[in-house]
Each structure stands twice: as structure tokens, then as C-alpha cells.
Amino acid sequence: MTKARQAGPLFGALLLVWILLHGSLQWQVVVVGVVVAAMIALLFSGAATPLHGFRRTQAGLRAAFGYLGYFFVELVRANLKLAVIILSPSLPIRPGIVKVRTRLTNPVARLLLANSITLTPGTLSVALEGEWLYVHWVTVVSDEVEEATAEIVAGFERYLEVMYG
């Protein structure tokens, strides 16, 4: 597949966003949008997409839907836990940074993992160094790597491994 062909979907999406943001189809706006979208798409095609390395198989698609479902359940659960903590007069928190291990090797999968952790209330991905991910956790349950990994990372990884290998 040629680089220009790989850049097509990214180009189309960027141009659409450009036009929607400007709210105009004047020829000057469209020309600038085409030039900017083409430059960005050619420079970053293949690397700037969440599908880079995604396994386009039935198992991969099932895992993607499972991942979304798992993420939303965790999102609701974490919001409720944090609401209980905030509304509690004693404010039962035990903040800290824990070190967790990820088995993921695909950069997009690692990015999705770190972002999913950050988007879940009560946790924040701080750094990713090799196989280690450092996470700020509002209520540290355990400082042990294996226990913290099981609590924070394992659920997301189960799906991401199928999606990205």
C-alpha cells in the first residue's frame, strides 16, 4: 500500500474537521485545509491512527467491543467509588504512585492502556518506561507490583492483547 493511499483516511478526517471548525466552504478555507491536511496526512500516515497494529480479525473486533464495555463499566465504578470517598467526612484516601507492569509491546496498545487508566477517576498515568507504568492512585490498595498490576492494568490488558497482540 502506497504512502499516499495510507494517508487517505487521515486526510479526509483532517479536512472534514478543518471545514467543520471554520464553518465555511469558501474556496480559500478549503484550499488551506487541503494543503494543511495533505501535509499532516503524508507526514503522519500510519503512525497517527489508533488502528496502527490493530488485528482486523473477528477476535480483534470482539475484543474491541469488549474493551469498550469494560472501560465504561470501570469508568462508572471508579466514579461511584470516588464520589463515596469525596462525600465521606473522613475522606478515606491513601494517595501514592505505584509501579505496574504491562505485557503490551505495541505502542498504540500501550497508549490506549495509559489513557484508559488516566480517564478512569482516581488513577493517573504518570510515566511509561519500558514495561513499567507508573500510576498515581488516590486509594492505594497495595504497593506490590503484582497486586497493583492485577487491580489497575490486568482488565484492560486482557482485551488489548487480543486487539494488538
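The table below gives the values:
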item: Test result for Leu82, surrounded by 13 or more Cβ atoms within 10 Å (Cβ to Cβ), within 17 Å of the chain's Cα centre (by Cα) and either at pLDDT 95 or above or among the aliphatic types (A, V, I, L, M) (or both); result: no
item: Qualifying positions in the range 89-118 - over 19 Å from the mean Cα position of the chain (by Cα) and buried (at least 20 other Cβ atoms within 10 Å of the Cβ); result: Val98
item: So Ala41, is it surrounded by fewer than 16 Cβ atoms within 10 Å (Cβ to Cβ), among the small types (Gly, Ala, Ser), more than 15 Å from the chain's Cα centre (by Cα) and outside any loop (DSSP other than H, G, I, E, B); result: no
item: Filter result for Arg101 (under 17 Å from Ala150 (Cβ atoms) and of a type outside the set (A, V, I, L, M)); result: yes
item: Given (1) of a type in the set (A, V, I, L, M); (2) outside any loop (DSSP other than H, G, I, E, B); (3) modelled with pLDDT under 90; (4) not assigned by TED's automatic domain parsing to the domain that holds Glu144, index of the condition Leu51 fails; result: (2)
item: Matching residues in the range 58-79 - criterion: being within 16 Å of the chain's Cα centre (by Cα), exposed (fewer than 13 other Cβ atoms within 10 Å of the Cβ) and within 21 Å of Thr149 (Cα to Cα); result: Leu68, Gly69, Phe72, Val73
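The values are calculated or read from the model by the stated rules, or taken from the named source; none is laboratory data. A quick note: this is a predicted structure, and the numbers were derived from the prediction, not measured. Positions of Cβ are generated from backbone atoms using ideal geometry, with glycine treated the same way; all protein chains shown enter the neighbour counts.
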